[in-house]
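The structure under discussion appears below in the form of structure tokens.
Laboratory data are not the source of any read-out in this text; all were calculated from the coordinates shown. In this text the structure is predicted, and so the values were computed from the model without any measurement. Cβ placement follows ideal geometry from the backbone for every residue including glycine, while neighbour counts extend to all protein chains displayed.
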Amino acid sequence: MSINPELAGRVYPAGEPYLVGREKIREFAAAVKANHPAHFDPAVAQELGYADVVAPPTFAVIVAQRADAQLIADPASGIDFSRVVHADQRFTHHRPIVAGEALTAELHVDQVRAMGGGAMITTRAEISTTSGERVATTVSSLLVRGED
Amino acid sequence: MAVEFESLAVGDVIGETAVSFNRADLVRYAGASGDFNPIHWNERFATEVGLPGVIAHGMLTMGAAVQLVTDWAGDPTAVVDYQTRFTKPVVVEDVAGVSPTEAEGTPVRIEGKIGAKDEDARTVRVDLAVSVEGQKVLVKSQAVVRF
């Protein structure tokens, strides 16, 4: 099965909100070996002006990859997940992610390029709170390897 | 913030560090991130899809590498933009005779220097060199720090 070139320009609407948990931020920070106390201690985060612990710079990947999963699961996309390689990733933070927020991600397929027998798909997730405040924009490229 | 924006110049080295990943680190990141692709924890599956062995999540390397920048800036929320390309897999071996949770793991070396400075926006771009045994595993790895 090959990648559908008409995917480019497609938009997947925001699904069910992702609730950012304090324990998930702590767990993620520990996993990436981040040690700033603002990821762990609400009192420290509050001194910095945030309502609760703040997420490390790459935490938004959790929300972005849930949005990407919609595309990969879409039978119309033609993507075989076992052939997907993460090629690049970018995070642009409009403001930090804080525990207690409900986030949604609208997924945009920005580009589909044929690469050998496969394709490079660039997606963009516009992450915002459920009340509409922009939080982060993530862009990732997935290389879908062609059939051997 | 401990670092003074005014004193920074393009080419300044912000520091260097190393971080190591063993199999337990990969499992921990899988759980924390929700990325349970078996190439990150199952040797048989990883080799069947043509990899040299179990590899670290690219996002684990990216997430850990930026610590050099956040430690330097003293504030993890100062990183307003961060990007990278993943070029080479970081292989994490299951070393015989050593507990997987205590194995030294694969050392990843991280060096950062200032690649650009924007006086109006009061930001600097830190360019990260991230390598394993002298081979780059991330390229165009750039973090923008706002002062």
Among B:THR87, B:ILE110, B:SER7, whose Cα projects farthest towards the positive end of the dipole of the protein assembly as shown, with charges put on the beta-carbon of Lys, Arg (+1) and Asp, Glu (-1)? B:THR87
Against the longest alpha carbon principal axis of chain A, how many degrees, from 0 to 90 and to the nearest 10, is the axis of helix A:61-73 turned? 30 degrees
Rounded to the nearest 0.05, what FRET efficiency is calculated for B:PHE147 and A:ALA43 with R0 set to 22 Å and r the Cβ-Cβ distance? 0.35
When the expected Rg is taken as 2.2 N^0.38 Å, what fraction or multiple of it is the alpha-carbon Rg of segment B:1-73? 1.50
Once you charge only the Cβ atoms, +1 for Lys and Arg and -1 for Asp and Glu, what is the size of the charge dipole of chain A about its Cα centre, to the nearest 20 debye? 240 debye
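If you place +1 on the Cβ of every Lys and Arg, -1 on the Cβ of every Asp and Glu, and leave all else neutral, what size is the dipole of segment B:12-98 about its Cα centre, to the nearest 20 Debye? Write down the numbers at each step before the final one.
Values: 5 positive and 11 negative charges, 56 e Å.
The calculated dipole for segment B:12-98 is roughly 280 debye.
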If R0 is 30 Å, what FRET efficiency do you get for B:VAL27 and B:ALA129 from their C-beta distance, rounded to 0.05? 0.65
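From largest to smallest, what semi-axes in whole angstrom does chain A give when each is the square root of 5 times an eigenvalue of its alpha carbon gyration tensor?
Calculated on Cα positions only, the semi-axes equal 32, 16, 11 Å.
If r is the Cβ-Cβ distance from B:ALA9 to A:ARG134 and R0 is 35 Å, what FRET efficiency results, to the nearest 0.05?
So the FRET efficiency works out to roughly 0.60.
Based on the Kirkwood radius over alpha-carbon pairs, what value in µm²/s does the Stokes-Einstein equation return for the translational diffusion coefficient of the protein assembly as shown at 20 °C and 1.002 mPa s?
On the way: Rh = 19.8 Å.
The diffusion coefficient I find is 108 µm²/s.
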Paramagnetic label zone (point 7 Å from Cα along Cα-to-C-beta, B:GLU48; backbone N under 18 Å) in segment A:65-86: A:80-85
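Over all directions, average the projected area of the Cα convex hull of segment B:34-147 and note it in nm².
Working: hull surface 33.1 nm².
Reported value for the Cα convex hull: 8.3 nm².
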For chain B, averaging the sequence separation of alpha carbon pairs under 8 Å that lie six or more residues apart and dividing by its residue count, the contact order in percent is 31 percent
Relative contact order (%) - segment A:14-148, alpha-carbon pairs under 8 angstrom, separation at least six: 27 percent
Largest-first principal axis extents of the Cα set of segment A:62-113 (Å): 35, 20, 19
Using a Gaussian network model on chain A with a 10 Å cutoff between Cα atoms, which of A:GLU101, A:GLU27, A:GLU47 fluctuates the most? A:GLU47
Between B:GLY74, B:GLY115, B:GLY50, where does the largest GNM mean-square fluctuation fall for chain B, given springs only between Cα atoms within less than 10 Å? B:GLY50
Mind jotting down the distance between the C-alpha centroids of segment A:53-103 and segment B:76-119, whole Å? 19 Å
